Amino acid sequence: MATHITEDCINCGACEPECPNEAISEGDEIYVIDPELCTECVGFYDHEACQAVCPVECCLPDPKHVESEEVLLERALRLHPDDAKLKERAAANNYPSRFRKLAGPWCLFRSASPGLVQPFSVLWAAGEVFRCCTRLTWSPRGR
Ligand code: SF4
Ligand code: SF4
């Protein structure tokens with residue numbers, strides 16, 4: 001989901017220099033974000049840098065541009081072909097991202113080993129069923 005600027009913008013200009021992709025510019029009436037350049041700061045920060053500095057909180061997720069972390073990272077890599085550090089972080093699957101901040105360790109695990117998620121979920125569900133069944137049929141005093 002690209003970030004967009006709402007009509008509450010007061011044209012202070014604070015967000016423009018913060019963007020790692022130069023996606024923000026002065027529009028006709030208010031500042032605007034080019035969704036083709038916005039990566040929600042994936043690869044650079046664990047939050048949207050424009051949102052963090054906006055004094056009126058008008059840099060918000062754009063529901064018309066919903067995108068996955070993978071798509072946003074690919075865009076960041078495309079926009080910064082000479083950024084060796086970004087490439088290194090992406091290859092090591094160890095880069096800042098608002099998605100990872102939100103989802104924490106589960107998200108890291110899921111992106112690192114997608115093939116393991118399903119079997120783990122099935123094992124967890126089987127364990128829960130077993131736990132419930134043994135609770136129903138067994139009691140320490142034989143009740
Ligand atoms: S969210 Fe990040 S990449 Fe997108 S416009 Fe704001 S500062 Fe730039
Ligand atoms: S920081 Fe907020 S108010 Fe200032 S120009 Fe950017 S979007 Fe507009």
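What follows is calculated from the coordinates using simple rules that are stated; it is not laboratory data. As the structure is a computational prediction, the values presented were derived from the model and not from experiment. Cβ coordinates were reconstructed from backbone atoms using ideal geometry, including for glycine residues, and neighbour counts include every protein chain displayed.
A few remarks follow.
- Residues with amide H under 5 Å from that of residue 31, placed H, sequence gap 5 or more: 11
- FRET E, pair residue 93, residue 71, Förster distance 22 Å, beta-carbon r, rounded to 0.05: 0.90
- Sequence-distant residues sharing a close amide H with residue 4 (under 5 Å, placed H): 60, 62
- Amide N of the stretch 49-75 lying under 19 Å from the label point, which is placed 7 angstrom from the Cα of residue 36 along Cα→Cβ: 62, 64-68, 71-75
- Charge dipole magnitude, Cβ of K and R +1, D and E -1 - the stretch 3-103, Cα centre, debye nearest 20: 620 debye
- Coupling constants for the stretch 63-71 follow from the phi torsions by the Karplus curve (6.51 cos²θ - 1.76 cosθ + 1.60, θ = phi - 60°), and in residue order they are x, 7, 10, 7, 9, 7, 4, 4, 4 Hz; glycine and proline get x.
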